[in-house]
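Chemist: Sharing a structure with you now.
The values are calculated or read from the model by the stated rules, or taken from the named source; none is laboratory data. Here the structure is a predicted model, which is why all the values come from computation and not from measurement. Counting neighbours? That spans all protein chains shown, and the Cβs are built from the backbone with ideal geometry, glycine included.
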């Protein structure tokens, strides 16, 4: 019998594919069911936010950051504001710092809930999606009480936050937190030991510790590969040093480990919010700021642990009212660069699991 | 008494306060109630033992910066970048294993025109370093991809948005803008909406690998 000759085949996944979560195109070279190579093609959602920021004032740039990772606008606001505040002589009131931590952790919950729901949905489990959106709704309702918006908040401002945390907000949040841990138990019941789920995620999308560091992966992708690195602990900002929480890490560096890491992070985020609510001091929610903001000449790089990883803003000020340059170090963008490594030799169906486990938002990848 | 030809709109006088929220309402006298001084003087650069060690090791290639930065910062000559970067990675007391961010900044009035800004982190020592490299428009920057794989997409982004060229990069293509886009948007002299910068499907040839995207139209 003559030897069968096989040829590799090039196919497109996306940019209009339901499990690419937006407009990501993956060019795949496959041999049968095996992936030989993956070529991610990004930029379909590029809106030039870095360029837009140069023609806007510092405060007009805050709403632009809401449109980066639109699952967690509060984190983006915070990262940008922290960068500019390094160039301002401003002392943020303690109450504002606590509110910032609360909203940043609420953003983490909202982001991880969406991730969990859609990840499980990609792998064929529809139920968690509905449950996760139910819980996320409570978070968005609370944020709506706080600042009037549900996704594009424009809430964290230079010197503090836009509005004070009112008793109805605190009450709504406490009510949500009282049930949230039980809800996470429910998700775990549905997924953690589910044979279909573990078969689809264990040993899939492997990223070694060395590769994760070399790629500068961050967030749950880095921690899933066993690197204990969380900017809330390792380069603390705001009032995180006063909070008590643990950093989960994985061992194998596969999709399942990233799932476990995020589940623990959700529980820890709820724990941080509880502590911050208990310790919420009285006082001003914002410092007095000049109407025209002109940070002094200089450069600042600030990084925070956003839900998807290290979100950095590099801001160059030339002393005028507009930033000279704003560079956004988007965690999804950097994490997505690891996908060719993670997918080498995988099955085509596993790409969905790998991509889902990275947790990308194209608004942030493409900026 | 008004003249018949005068329009109801008052001409803008420099000292006149404008509507609130207008960014250039800066003509107003600075109010005493503002704690953050808008005209604060720049602060001196950060001192750090890492900077001292680098300047001592590479006296010709590494120099201190004068501007205020939030991380310790040095300026490295373009030709010495691979050498200094290799030292940053391999020297056990530095051990910068994490290249978190590569940015490009355009200073059109200055020579060399661009600054590449690398943000290095050491996960082990938890220290940080910002490295600036001046790059002229015609210069080719040695890629750091072989040492830090994460440099790959970062450098492609700088190439795409600022038009800085890299050598030794495994796959230097545009990343955010379409392959056939004209110009580099983050350059300061890039005029927005000046002309049609996107020629569409012009230049697409499936026989020659599409727009040069690997795999498209080829086996």
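Chemist: Can you name the condition, by its number, that residue A:182 falls short on among (1) modelled with pLDDT of 90 or more; (2) surrounded by 18 or more Cβ atoms within 10 Å (Cβ to Cβ)?
Modeler: Unmet for residue A:182, out of (1) modelled with pLDDT of 90 or more; (2) surrounded by 18 or more Cβ atoms within 10 Å (Cβ to Cβ): (2).
Chemist: In the range A:194-213, how many are in a helix (DSSP H, G or I), in contact (Cβ under 8 Å) with a residue 40 or more places away in the chain and within 13 Å of chain B (Cβ to nearest Cβ)?
Modeler: Summing the residues that are in a helix (DSSP H, G or I), in contact (Cβ under 8 Å) with a residue 40 or more places away in the chain and within 13 Å of chain B (Cβ to nearest Cβ) in the range A:194-213 gives 3.
Chemist: Just checking, which of B:159, B:114 is within 23 Å of residue A:51 (Cβ to Cβ), more than 9 Å from chain A (Cβ to nearest Cβ) and touching a residue at least 40 places away in the same chain (Cβ under 8 Å)?
Modeler: Selected residue: B:114, the only one of B:159, B:114 that is within 23 Å of residue A:51 (Cβ to Cβ), more than 9 Å from chain A (Cβ to nearest Cβ) and touching a residue at least 40 places away in the same chain (Cβ under 8 Å).
Chemist: Output yes when any residue across the range B:165-179 is surrounded by 14 or more Cβ atoms within 10 Å (Cβ to Cβ), within 12 Å of another protein chain (Cβ to nearest Cβ) and at pLDDT below 80, and no when none is.
Modeler: yes
Chemist: Here is a list: B:84, B:55. Which entry is within 21 Å of the chain's Cα centre (by Cα) and assigned to a helix (DSSP H, G or I)?
Modeler: When all the criteria are applied, what remains is B:84.
Chemist: Check B:72, B:82, B:92 and return the single one that is over 20 Å from residue A:334 (Cβ atoms), without any contact (Cβ under 8 Å) to a residue 60 or more places away in the chain and touching a strand residue (DSSP E or B) at 6+ places or on another chain (Cβ under 9 Å).
Modeler: Only one candidate passes the filter, namely B:72.
Chemist: Among the listed residues B:68, B:91, which satisfies the condition of being surrounded by fewer than 16 Cβ atoms within 10 Å (Cβ to Cβ) and either within 14 Å of another protein chain (Cβ to nearest Cβ) or under 19 Å from residue B:122 (Cα atoms) (or both)?
Modeler: B:91
Chemist: Taking residue A:232 as the residue in question, decide whether it is at pLDDT 90 or above and within 19 Å of residue A:355 (Cα to Cα).
Modeler: So residue A:232 does not fit the description; no.
Chemist: Right, another one. Considering each of B:105, B:76 in turn, give the residue that is under 15 Å from residue A:299 (Cβ atoms) and modelled with pLDDT of 90 or more.
Modeler: Criteria check complete, one pass: B:105.
Chemist: Scanning the range B:182-197 for residues that are modelled with pLDDT under 80 and within 14 Å of chain A (Cβ to nearest Cβ), which turns out surrounded by the fewest Cβ atoms within 10 Å (Cβ to Cβ)?
Modeler: That would be B:193.
Chemist: Does residue A:327 satisfy being at the interface with chain B (Cβ under 9 Å from one of its Cβ atoms), within 18 Å of the chain's Cα centre (by Cα), in contact (Cβ under 8 Å) with a residue 60 or more places away in the chain and over 21 Å from residue A:107 (Cβ atoms)?
Modeler: When the stated conditions are applied, residue A:327 passes them.
Chemist: Further, regarding this structure: If a residue must be more than 10 Å from chain B (Cβ to nearest Cβ) and crowded, with 17+ Cβ neighbours inside 10 Å, how many such residues does the range A:23-48 contain?
Modeler: Summing the residues that are more than 10 Å from chain B (Cβ to nearest Cβ) and crowded, with 17+ Cβ neighbours inside 10 Å in the range A:23-48 gives 5.
Chemist: Out of A:258, A:232, report the one residue that is within 14 Å of chain B (Cβ to nearest Cβ), closer than 25 Å to residue A:183 by Cβ and touching a helix residue (DSSP H, G or I) at 6+ places or on another chain (Cβ under 6 Å).
Modeler: A:232
Chemist: Please work out if residue A:19 is within 25 Å of residue A:121 (Cα to Cα) and under 21 Å from the mean Cα position of the chain (by Cα).
Modeler: yes
Chemist: Does residue A:313 satisfy the criteria of being within 9 Å of chain B (Cβ to nearest Cβ) and either closer than 21 Å to residue A:70 by Cβ or surrounded by 24 or more Cβ atoms within 10 Å (Cβ to Cβ) (or both)?
Modeler: So residue A:313 does not fit the description; no.
Chemist: So residue A:12 ticks every box in (1) surrounded by fewer than 19 Cβ atoms within 10 Å (Cβ to Cβ); (2) touching a helix residue (DSSP H, G or I) at 6+ places or on another chain (Cβ under 8 Å); (3) assigned to a strand (DSSP E or B) but one. Which box is left unticked?
Modeler: All conditions are met except number (2).
Chemist: Which of the residues spanning the range A:134-169 are part of a helix (DSSP H, G or I) and in contact with a helix residue (DSSP H, G or I) (Cβ under 6 Å, 6 or more places away or on another chain)?
Modeler: Within the range A:134-169, A:135, A:136, A:138, A:139, A:142, A:145, A:146, A:168, A:169 qualify.
Chemist: Sort out which residues of the range A:281-300 are crowded, with 17+ Cβ neighbours inside 10 Å and away from chain B (no Cβ under 14 Å), and write them in order of number.
Modeler: Of everything in the range A:281-300, just one residue is crowded, with 17+ Cβ neighbours inside 10 Å and away from chain B (no Cβ under 14 Å), namely A:285.
Chemist: Quick check on the range B:115-124. Is at least one of its residues farther than 25 Å from residue A:316 by Cβ and either under 18 Å from the mean Cα position of the chain (by Cα) or surrounded by 15 or more Cβ atoms within 10 Å (Cβ to Cβ) (or both)?
Modeler: Among the residues of the range B:115-124, at least one is farther than 25 Å from residue A:316 by Cβ and either under 18 Å from the mean Cα position of the chain (by Cα) or surrounded by 15 or more Cβ atoms within 10 Å (Cβ to Cβ) (or both), which makes the answer yes.
Chemist: Another question, if that's okay. Would you mind stating whether residue A:20 is in contact with a helix residue (DSSP H, G or I) (Cβ under 8 Å, 6 or more places away or on another chain), crowded, with 19+ Cβ neighbours inside 10 Å and closer than 30 Å to residue A:319 by Cβ?
Modeler: For residue A:20, the condition - in contact with a helix residue (DSSP H, G or I) (Cβ under 8 Å, 6 or more places away or on another chain), crowded, with 19+ Cβ neighbours inside 10 Å and closer than 30 Å to residue A:319 by Cβ - is not met.
Chemist: Collect the residues in the range A:32-64 that are touching a residue at least 40 places away in the same chain (Cβ under 8 Å) and more than 28 Å from residue A:341 (Cβ to Cβ), keeping them in residue-number order.
Modeler: Once the filter is applied, which keeps residues that are touching a residue at least 40 places away in the same chain (Cβ under 8 Å) and more than 28 Å from residue A:341 (Cβ to Cβ), the range A:32-64 yields A:47, A:48, A:53, A:54, A:55, A:56, A:57, A:58, A:59, A:61, A:62, A:63.
Chemist: Go through the range A:68-111 and give me each residue that's part of a loop (DSSP other than H, G, I, E, B) and within 14 Å of chain B (Cβ to nearest Cβ).
Modeler: Correct list: A:68, A:86, A:87, A:88, A:89, A:90, A:91, A:92, A:93.
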